[in-house]
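Enquirer: Sharing a structure, written as structure tokens. Questions coming.
The values are calculated or read from the model by the stated rules, or taken from the named source; none is laboratory data. This is a predicted model, so every value here is computed, not measured. Positions of Cβ are generated from backbone atoms using ideal geometry, with glycine treated the same way; all protein chains shown enter the neighbour counts.
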């Protein structure tokens, strides 16, 4: 008997028990759909995070206060200061631009409207280093930074909230009761790791430190973060090394660093590791439900063998070999799980597309994941079909025919 | 040796016909140790082509065990069984399945039709296992169903057929692979007297067309319609060539 006959025979039986077949498949459908959706969403999250870090600009390094590699979680001494950034510009040859920044959240007011937003104190270097652009008006100059001027560049979302469609440039907004002249509007950049970069007001670093946040560090003008761009892709390693050495000298470090220099690659690796682990965990949870679905298939096949004992006896009496019976039951199990797998794939892909449509998470539909999921569910049928099929094949036809 | 001589003399006493079943000193023992059960003790039996033979005996007489061996569903513990001149007594499961498929046709008390298949699909089933070409299957199944008078019930499911009709489908299924031997195990056990007669008429017709039939039954009325009765008692062949009219005396004794 060839395999096509077996498939036809198995299909006839499965179609004859529609409700049972579809309920059995449901377990596999859910398992498969969740594996595909979870892997897709996990990969989407990974891609999104990676893209956001890549959008920070090429050849970027980040200097973060505190030792990120330290095991203990201590209070970070406020040792990363504006003077460090200036020293890097002067003394590190492999560096192209240095953009220190300090940030806080404050309420910004225009006439009777106000919005709570992120206030970033930066220098003009911020634009080239982080690949930001001004859409309208101008950014402030180094002169403004030196002179503590009260000018502000607004993110597009802040403009929308405070000014609606009317012109904002030349108007005055108030932050902490200090008046700022709006001189420009930034281009839209979207969100970064969940924080909206368009909902930000940019003011000169010195103004932010002196008027808004206040000088809180005994070491100088404290900064929250320094972005550095290396001269080119080849000098990233050199820049990381030189900046670390310079800062160790400046901070008189003998033991553990009180800062961390991360390259974009480092960050991407960390993001990749975290989101990869997350994806794996999601896939593992979904995999469990696929496994449970497989057990459901085995369960139903075992019931089916018991129920169809007489049929098996009859088939053997009229000439079916053990192998014929084995193949018939195996194929039934495989069809159940493979069909469930394919249906589950469609549902999983549908779920991914739905997530992609309503969230910024552009989850990837990977053909490899689909091939694996369908293959695995077929394999589950094979694996969980063996026990019932062997039991059926080994039935003694005399006993099977007599059972009533 | 002696036994071989006696079977040979039996063959000589009638006109020569090919031997379909030849059981030689067959024994069947179930269980081990102290629970040993001798279901068949040294039984020998010959059935020639074209015979219409019923096996009778009280329950526990070994008639079912011998039926299982004749039907290649079971192997004898000792002795030889030649089916259509081939020794099948110690063949493997796969070879036996093949022999059941092409040389034997089975009719059971409980019909054993597959509920999800139509009459014609049920009859086609043995041909699926025999590897008959799909185009040929339906033609042969229709032919077999016509022979049992069900040409107008081809696409009915078993639950749309009466008991007698179901058994006729089962008979069509048993003859569709043109077996050398048709075996029936209490074929009328689940039928009322009217349908019993219908089914017996079909068996008679089939036998008249040349098919060899062996039937196990405990109903004297059924056995009387066959042409030879083999009587089993305590696992042994008590009478091998009773005539239908002898049965009354036997039933009394």
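Enquirer: Go through (1) touching a helix residue (DSSP H, G or I) at 6+ places or on another chain (Cβ under 9 Å); (2) buried (at least 22 other Cβ atoms within 10 Å of the Cβ); (3) at positive phi for residue B:62 and report which single condition fails.
Expert: Checking residue B:62 against (1) touching a helix residue (DSSP H, G or I) at 6+ places or on another chain (Cβ under 9 Å); (2) buried (at least 22 other Cβ atoms within 10 Å of the Cβ); (3) at positive phi, the one that fails is (1).
Enquirer: Pick from region B:108-126 the residues that are outside any helix (DSSP H, G or I) and closer than 15 Å to residue A:319 by Cβ: which of them is nearest to the other protein chains (Cβ to nearest Cβ)?
Expert: B:112
Enquirer: Out of A:18, A:78, A:47, report the one residue that is at pLDDT below 85, assigned by TED's automatic domain parsing to the domain that holds residue A:287 and either surrounded by fewer than 20 Cβ atoms within 10 Å (Cβ to Cβ) or farther than 30 Å from residue A:380 by Cα (or both).
Expert: Checking each option against the conditions leaves just A:47.
Enquirer: Looking only at region A:274-307, which residues are in contact (Cβ under 8 Å) with a residue 12 or more places away in the chain and either outside any helix (DSSP H, G or I) or within 14 Å of chain B (Cβ to nearest Cβ) (or both)?
Expert: A:304
Enquirer: Answer yes or no: is there a residue in region A:93-108 that is free of Cβ contacts under 8 Å to residues at least 40 places away in the same chain, out of contact with any strand residue (DSSP E or B) (no Cβ under 6 Å at 6 or more places or on another chain) and either on the phi > 0 side of the Ramachandran plot or not in a strand (DSSP E or B) (or both).
Expert: Scanning region A:93-108, I find no residue that is free of Cβ contacts under 8 Å to residues at least 40 places away in the same chain, out of contact with any strand residue (DSSP E or B) (no Cβ under 6 Å at 6 or more places or on another chain) and either on the phi > 0 side of the Ramachandran plot or not in a strand (DSSP E or B) (or both), so the answer is no.
Enquirer: Here's a follow-up. Can you tell which of A:400, A:333, A:369 is in contact (Cβ under 8 Å) with a residue 12 or more places away in the chain, within 14 Å of chain B (Cβ to nearest Cβ) and touching a helix residue (DSSP H, G or I) at 6+ places or on another chain (Cβ under 6 Å)?
Expert: A:400
Enquirer: For residue A:363, which of the numbered conditions (1) assigned to a helix (DSSP H, G or I); (2) in contact (Cβ under 8 Å) with a residue 24 or more places away in the chain fails to hold?
Expert: (1)
Enquirer: A follow-up question, please. Would you list the helices (runs of 4 or more DSSP H) that sit entirely within region B:155-253 and hold 2 or more residues that are at pLDDT 90 or above and in contact with a helix residue (DSSP H, G or I) (Cβ under 9 Å, 6 or more places away or on another chain)?
Expert: So the answer is B:163-175, B:193-208, B:220-223.
Enquirer: Considering only residues of region A:142-175 that are buried (at least 22 other Cβ atoms within 10 Å of the Cβ) and assigned to a helix (DSSP H, G or I), which is nearest to the chain's Cα centre (by Cα)?
Expert: Result: A:158.
Enquirer: Of the conditions (1) loosely packed, with under 15 Cβ neighbours inside 10 Å; (2) on the phi > 0 side of the Ramachandran plot, residue A:210 fails just one. Which one is it?
Expert: (2)
Enquirer: Looking at (1) at the interface with chain A (Cβ under 9 Å from one of its Cβ atoms); (2) crowded, with 20+ Cβ neighbours inside 10 Å; (3) more than 14 Å from the chain's Cα centre (by Cα), which is the only condition residue B:57 fails?
Expert: The number of the failed condition is (1).
Enquirer: Among B:153, B:140, which is under 20 Å from residue B:180 (Cα atoms), more than 17 Å from the chain's Cα centre (by Cα), more than 12 Å from chain A (Cβ to nearest Cβ) and touching a residue at least 24 places away in the same chain (Cβ under 8 Å)?
Expert: Of the residues listed, the single one that is under 20 Å from residue B:180 (Cα atoms), more than 17 Å from the chain's Cα centre (by Cα), more than 12 Å from chain A (Cβ to nearest Cβ) and touching a residue at least 24 places away in the same chain (Cβ under 8 Å) is B:140.
Enquirer: Also, I was wondering about something else. Restricted to region B:177-214, and to residues that are within 12 Å of chain A (Cβ to nearest Cβ) and more than 24 Å from residue B:19 (Cβ to Cβ), which residue is surrounded by the fewest Cβ atoms within 10 Å (Cβ to Cβ)?
Expert: Filtering region B:177-214 for residues that are within 12 Å of chain A (Cβ to nearest Cβ) and more than 24 Å from residue B:19 (Cβ to Cβ), the one surrounded by the fewest Cβ atoms within 10 Å (Cβ to Cβ) comes out as B:190.
Enquirer: On to the next question. Residues being in a helix (DSSP H, G or I) and at the interface with chain A (Cβ under 9 Å from one of its Cβ atoms): count how many of those fall in region B:127-136.
Expert: 4
Enquirer: Continuing with this model, one more query. Select from region B:76-107 the residues that are over 30 Å from residue B:188 (Cα atoms) and buried (at least 17 other Cβ atoms within 10 Å of the Cβ) and write down the one among them that is farthest from the other protein chains (Cβ to nearest Cβ).
Expert: B:79
Enquirer: Being modelled with pLDDT under 85, touching a strand residue (DSSP E or B) at 6+ places or on another chain (Cβ under 8 Å) and outside any loop (DSSP other than H, G, I, E, B) is the filter here; which residues of region A:52-75 pass it?
Expert: Scanning region A:52-75 gives a single hit, A:52.
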